[in-house]
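Q: The following block contains the structure, expressed as structure tokens.
Every number in this text was worked out from the coordinates using simple rules, so none of it is lab data. Because the structure is a prediction, the values reported are computed rather than measured. Don't worry about glycine lacking a Cβ; one is built from the backbone with ideal geometry, like all the others, and counts go over all protein chains shown.
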Amino acid sequence: MKHNYEVMTADDGQAAWKMFSRFHTDLSLVLSDFRMPLVDGVQLLRQMRELNSDIPVILLSGDVSGELEEKLQEHQLQVGVLHKPCPLSKLLEHIHRQQKLSNP
């Protein structure tokens, strides 16, 4: 099923940061995992916010301990959070909501 999104992928947080720093003006949303090799999702988010504070971000996490929410609160970061496993319908709903909030 296609949903008319152009998607860029990265193998780890460091590659994601390199891609974001190069293409951030062309992106309308970032979907990232919380746990990634080299640079985790929160550190990536902090770096992205320094470069482009307006881009909507959704973090995916399989963490049920609350660590992600604690880190986001500690760094005063506001993002959408989805817990895995996440059905496609819920992911698409969050993407649409984030896009509407960023483009009223």
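Q: How high is the FRET efficiency from Ser102 to Thr9, r the C-beta distance, R0 25 Å, rounded to 0.05?
A: In this case the efficiency is close to 0.75.
Q: Considering amide H positions built from the backbone, and no H for Pro or chain starts, which residues 5 or more places from Val57, or on another chain, come under 5 Å of its amide H?
A: So Val57 has HN proximity to Val30, Gly80.
Q: Would any residue of segment 33-58 have its amide N under 20 Å from a label point 7 Å out along Cα→Cβ of Glu93? List them or say none.
A: Taking a point 7 Å out along Cα→Cβ of Glu93, the residues of segment 33-58 whose backbone N falls under 20 Å are 57-58.
Q: With each run of n ≥ 4 DSSP H residues scored as -39500 (n - 2.57), what mean residue ellipticity at 222 nm is computed for the chain after dividing by its residue count and rounding to the nearest 500 deg cm²/dmol?
A: After summing the helix terms and dividing by residue count, I get -13000 deg cm²/dmol.
Q: Using a 7 Å offset from Cα along Cα-Cβ at Cys86, what residues in segment 44-59 end up with backbone N under 17 Å from the label point?
A: 44-46, 55-59
Q: Compute from the Cα atoms of the chain the Rg and the Dmax, the latter being the longest Cα-Cα distance, and quote both in angstrom.
A: So, for the chain, Rg and Dmax equal 13.1, 38 Å respectively.
Q: OK, next. In segment 30-102, with Lys and Arg counted as +1 and Asp and Glu as -1 at Cβ, which of these residues, Ile55, Gly66, Leu38, has the Cα nearest the positive end of the dipole, that is, farthest along it?
A: Ile55
Q: Going by how many other beta carbons lie within 10 Å of each one, how would you line up His94, His83, fewest first?
A: Listing His94, His83 from fewest to most nearby Cβ atoms yields His83, His94.
Q: While we're looking at this one, here's another question. Please state the relative contact order of the chain as a whole percent: Cα pairs under 8 Å, 6+ residues apart?
A: Value for the chain: 25 percent.
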